[in-house]
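K.L.:
Questions regarding the structure given below will be posed in turn.
The values are calculated or read from the model by the stated rules, or taken from the named source; none is laboratory data. Note that this is a predicted model, so its numbers are computed, not measured. Cβ coordinates were reconstructed from backbone atoms using ideal geometry, including for glycine residues, and neighbour counts include every protein chain displayed. To get the accessible areas, we keep the full protein, side chains included, count just its heavy atoms, and leave off ligands, DNA and RNA. Shrake-Rupley method; radii C 1.70, N 1.55, O 1.52, S 1.80 Å.
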Amino acid sequence: MTDTSSTLGIPRHGRVPRHVAIIMDGNGRWARRRHLPRFAGHKRGVEAVRAVVQACAERGVGFLTLFAFSSENWRRPPEEVALLMQLFRGALSSEVQKLHRNGIRLRVIGDASRFEQTIRALAREGERLTEHNTGLTLTIAANYGGRWDILQALTRLAREQPASVAGGVSEESLAPYLAMAYAPEPDLFIRTGGEQRVSNFLLWQLAYTELYFTETLWPDFGAAALDEAFAWYRGRERRFGRSSEQLEGAQREPASQPLTVAGNT
């Protein structure tokens with residue numbers, strides 16, 4: 001079994017997903033239903049982030065990746081983008097010390113070039129401060145897109161290993177250049193807010209991830225909603241291309257053999 005690629009091997013997996021990836025959707029609708037400005041929904045969404053980070057850490061999740069701002073979100077009204085940047089800057093300023101005290105490692109992925117210098121500096125400092133922590137790894141995807149990730153990985157590979165590219169790019173040669181090369185592929189993808197699409201998020205990494213969609217709006221998503229998602233996940237049969245009969249045979253093997261449980265192809 002391997003921790004690298006679900007298309008080259010069978011990743012380790014169990015009853016609790018090691019890596020959870022979330023699209024946090026529904027802040028604006030949450031605010032609109034309460035006759036509040038959209039910014040109020042985004043602020044409430046930050047509170048939901050705190051709750052879910054804590055819940056994942058308590059449940060033994062190793063990696064949590066949150067889609068905070070996509071490369072397409074720049075298309076939103078300029079005043080909303082400015083407010084989102086204000087929230088991002090404020091969260092980096094106020095939350096990193098708390099993460100550090102709780103042994104959480106912070107990573108920020110995406111094209112940072114469009115962010116103001118203050119945000120870039122805060123992100124770098126947060127990563128530096130928490131880099132040796134051994135608890136949950138919290139990744140914030142900001143100005144991130146799955147297509148951007150694959151293209152930047154190809155660009156870096158071509159620059160650093162031109163001979164490799166000339167001879168044909170392999171999955172093994174490209175994977176180390178992807179933005180999340182430090183993490184296993186997500187076991188569970190969650191999207192709140194009722195939409196059922198991945199929206200250019202972790203396109204490479206979601207190849208065999210279980211996809212969970214909920215009508216719950218992000219500001220209302222907390223520990224109880226997370227547990228519902230985990231219960232659904234435990235009911236999946238994770239075949240990774242194999243048949244159900246093969247899984248049944250593997251589960252009858254002696255306990256010394258690697259255990260495979262739960263998802264489908």
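K.L.:
Filter the GluC sites (Glu not before Pro) in the range 88-190 down to the DSSP loop ones having no more than 16 other Cβ atoms within 10 Å, then list what survives.
P.N.:
Taking the range 88-190 and a limit of 16 other Cβ atoms within 10 Å, the loop GluC sites (Glu not before Pro) found are Glu116, Glu131.
K.L.:
Any chance you could run the full-extension gain for Glu171 through Glu58? It's 0.36 nm times the residue separation minus the Cα-Cα distance, nm to one decimal.
P.N.:
Length gained, Glu171 through Glu58: 37.3 nm.
K.L.:
Got a number for the accessible area of Ile150? Probe 1.4 Å, square angstrom, nearest 10.
P.N.:
50
K.L.:
Same structure again: Report the full-extension gain for the segment Leu36 to Ala224: residue separation times 0.36 nm, less the Cα-Cα distance, to one decimal in nm.
P.N.:
Extra length available between Leu36 and Ala224 comes to 65.2 nm.
K.L.:
Mean residue ellipticity at 222 nm from the helices of the chain, using -39,500 (n - 2.57) per DSSP H segment of n ≥ 4 over the full residue count, to the nearest 500 deg cm²/dmol?
P.N.:
For the chain, the value works out to -13000 deg cm²/dmol.
K.L.:
For the range 25-162, what relative contact order do you get, as a whole percent, if you take Cα pairs closer than 8 Å and at least 6 residues apart?
P.N.:
Relative contact order here is 29 percent.
K.L.:
Step through the residues of the range 154-162 one at a time and calculate ³J(HN,Hα) from phi using the Karplus curve (6.51 cos²θ - 1.76 cosθ + 1.60, θ = phi - 60°), rounding each to whole Hz and writing x for Gly and Pro.
P.N.:
Per residue, the Karplus-derived 3J(HN,Hα) values read 4, 4, 5, 4, 5, 6, 8, 9, x Hz.
K.L.:
Here is a follow-up. For Arg76 and Thr134, calculate 0.36 nm times their separation in residues minus their Cα-Cα distance, and state this gained length in nm to one decimal.
P.N.:
Contour length minus Cα-Cα distance gives 17.2 nm.
K.L.:
So if R0 is 30 Å, what FRET efficiency would Val16 and Ile150 give, r being the distance between their Cβ atoms, rounded to the nearest 0.05?
P.N.:
0.55
K.L.:
Please list, ordered by chain and number, the residues whose modelled amide H lies under 5 Å from the amide H of Ser5; skip anything fewer than 5 residues away on the same chain.
P.N.:
Amide H to amide H, under 5 Å and 5 or more residues apart or across chains, Ser5 pairs with nothing.
K.L.:
Moving on. Please calculate how many Å² of accessible area the range 37-194 carries per residue, with a 1.4 Å probe and no DNA, RNA or ligand atoms counted.
P.N.:
Each residue of the range 37-194 exposes 48 Å² on average to a 1.4 Å probe.
K.L.:
I've got another one for you. Once amide H atoms are built 1.01 Å from N in the peptide plane, which residues 5 or more positions from Ser71, or in another chain, come under 5 Å H to H?
P.N.:
Close amide H contacts, sequence-distant or interchain: Tyr144, Gly145.
K.L.:
For the range 105-181, what does the convex hull of the Cα positions come to per residue, in cubic angstrom?
P.N.:
Cα-based convex hull of the range 105-181, divided per residue, equals 108 Å³.
K.L.:
Could I ask something else about it? Taking a label point 7 Å from the Cα of Glu125 along the Cα→Cβ vector, which residues of the range 63-104 have an amide N closer than 11 Å to it?
P.N.:
Of the residues in the range 63-104, 92-94, 96-97 have backbone N under 11 Å from the label point off Glu125.
K.L.:
How much of Arg76 can a 1.4 Å solvent probe reach, expressed as accessible area in Å² and rounded to 10?
P.N.:
Roll a 1.4 Å probe over it and Arg76 shows about 80 Å².
K.L.:
Given the chain, report the % of alpha carbon pairs whose separation exceeds 32 Å.
P.N.:
25
K.L.:
Now for a separate question. When only C-alpha pairs under 8 Å and at least 6 residues apart count, what is the relative contact order of the chain, in percent?
P.N.:
26
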